[in-house]
1. Inside segment 328-385, can you point out the residues that are closer than 21 Å to residue 45 by Cα, in contact with a helix residue (DSSP H, G or I) (Cβ under 6 Å, 6 or more places away or on another chain) and surrounded by fewer than 20 Cβ atoms within 10 Å (Cβ to Cβ)?
2. I'm checking my understanding of the structure. Among residues of segment 158-195 that are open to solvent by 50 Å² or more (accessible area, probe 1.4 Å) and within 26 Å of residue 321 (Cα to Cα), which one is modelled with the highest pLDDT?
3. Being closer than 28 Å to residue 252 by Cα, under 14 Å from the mean Cα position of the chain (by Cα), of a type outside the set (Lys, Arg) and in a strand (DSSP E or B) is the requirement here; does residue 208 meet it?
4. I need the full set of residues from segment 108-155 which are over 18 Å from the mean Cα position of the chain (by Cα) and either part of a loop (DSSP other than H, G, I, E, B) or under 18 Å from residue 323 (Cβ atoms) (or both), in order please.
5. Quick one: count up the residues across segment 274-292 that are touching a helix residue (DSSP H, G or I) at 6+ places or on another chain (Cβ under 8 Å) and within 20 Å of residue 357 (Cα to Cα).
6. Tell me which residues, restricted to segment 61-94, are under 18 Å from the mean Cα position of the chain (by Cα) and open to solvent by 20 Å² or more (accessible area, probe 1.4 Å).
7. If you go through segment 196-208 one residue at a time, do you hit one that is under 15 Å from residue 291 (Cα atoms), open to solvent by less than 60 Å² (accessible area, probe 1.4 Å) and either basic (Lys, Arg) or at pLDDT below 95 (or both)?
8. What number of residues within segment 271-318 are hydrophobic (A, V, I, L, M, F, W, C), under 30 Å from residue 379 (Cβ atoms) and in contact (Cβ under 8 Å) with a residue 60 or more places away in the chain?
Amino acid sequence: MLQIAPQQSSIRIGISYLSDAGEAVREIVDTLDTSDSCFLLVFAPDRLDPDNLAEALDQGFAGVPVFGCTTAGQITPEGYEDDALLVVSFPKSRFRCATLLVSPLKPLSIKQIAADVHRLSAQFQKTANWNRLALTFTDGLSKQEDMLVAALAAGLGEMPVFGGSAGNGLQFRETSVLHMGKFHRNAALVLILETDLEFTGLGFDHFLPTEKQMVVTEAVPGERMVLELNGAPAAEEYARLIGVPVDQLSPQVFAENPVLVRNNTLYHVRAIQEVQGNGGLSFFSAIDVGLVLTLGRGQEILRTLDEELDVRNARGKSPEFVLGFDCFLRKLEIEQKQLREPASRILQARKVIGFNTYGEQHCGVHVNQTFVGVAFFEPQRRDLH
């Protein structure tokens, strides 16, 4: 069990590695003081049954709102982990929240969700001199994140939105979000936060475009399925361009050979999930016929991780903590290169807490193979030096 004392941070953290959901929650309840909690965020490992975990959390933290999701890994004060039940307590003295469960997520109405989140924001009474942002946690297998972030942008206007898609380890079977005592499939959770802390958003990857391009010539957009690239079977053409036999394509290969989509002057990763039996490729983000995909070339991942997390506020102060949503494919690449330990040391030093996702939401866009986060800083009036 690990707990961050309240005087060390604006949040408190509980962790358990026990294999039984009830016992794991009881271990955290016994050591994590939630008497002043506004709400808890829970990031669950895929080894724990979601329904048993939800029941245990509801009983163990009765009276405290609990939100969260299943994950493809956790980021604790020790760095990357796979089997940690991570519970983060946000105190009433620093945070207020309003929540909305979008269920079912598919079919999705952009107009309805935009209206619902706009109403939620309008009815959430503002606190003078506090700052607002929104967090979203989404069923990572719903294939609805692109439309969801568009709806949130329409409904919340200038309010920044950060989020991650729920994971299921490397199983890709079932992902869910936790809201008020139950894990929900085919759903998304929206939290509007108010805080007296200052914050800044983060979003970065470590890829540059190459000269190798592919055009989607046949696809099933609703299923994020590409059937043909450059007029050839998709898996075959992709494998040819990266120089790997089709039968050796895997999540690890996809992690090191991503495809990028250009948006004005920026490139966003459109990560490949898996090869389909028909020779097609399924993606973690929206695709369509005519879309131009560019192969990406990786930069040094540890250097970019450390540099991009080295954020300061206007007074040169480092964050109290960083809430991070880090793509599981980044973690896979780090592990494949045997860099997990140094990467974890960087995350630890930069005070990152969060989880590994099946996709990330940032600046009104659903992306992949990206680190998205929120760095929280002490407000100026509380600085003592």
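The values are calculated or read from the model by the stated rules, or taken from the named source; none is laboratory data. This structure is a prediction, so every number in the text was calculated from the model and none was measured. Note that each Cβ is placed from the backbone with ideal geometry, even for glycine, and that neighbours are counted across all protein chains shown. The protein model used for the area step is the full one, side chains on, heavy atoms only, and it has no ligands, DNA or RNA in it. Shrake-Rupley method; radii C 1.70, N 1.55, O 1.52, S 1.80 Å.
1. 336, 340
2. The selected residue is 158.
3. Working: closer than 28 Å to residue 252 by Cα: yes; under 14 Å from the mean Cα position of the chain (by Cα): no; of a type outside the set (Lys, Arg): yes; in a strand (DSSP E or B): yes.
No, not satisfied.
4. Once the filter is applied, which keeps residues that are over 18 Å from the mean Cα position of the chain (by Cα) and either part of a loop (DSSP other than H, G, I, E, B) or under 18 Å from residue 323 (Cβ atoms) (or both), segment 108-155 yields 108, 109, 124, 125, 126, 127, 128, 129, 130, 131, 132.
5. So the answer is 7.
6. 77, 81, 82, 83
7. Filtering segment 196-208 for residues under 15 Å from residue 291 (Cα atoms) gives none.
No, that holds for no residue.
8. Taking segment 271-318 first, the residues hydrophobic (A, V, I, L, M, F, W, C) are 271-272, 275, 281, 283-284, 286-287, 289, 291-293, 295, 301-302, 305, 309, 311, 314.
This time we only want the ones that are under 30 Å from residue 379 (Cβ atoms), so: 305, 309, 311, 314.
In the following step, the residues that additionally are in contact (Cβ under 8 Å) with a residue 60 or more places away in the chain were identified as 305, 309, 311.
Counting residues in segment 271-318 that are hydrophobic (A, V, I, L, M, F, W, C), under 30 Å from residue 379 (Cβ atoms) and in contact (Cβ under 8 Å) with a residue 60 or more places away in the chain gives 3.
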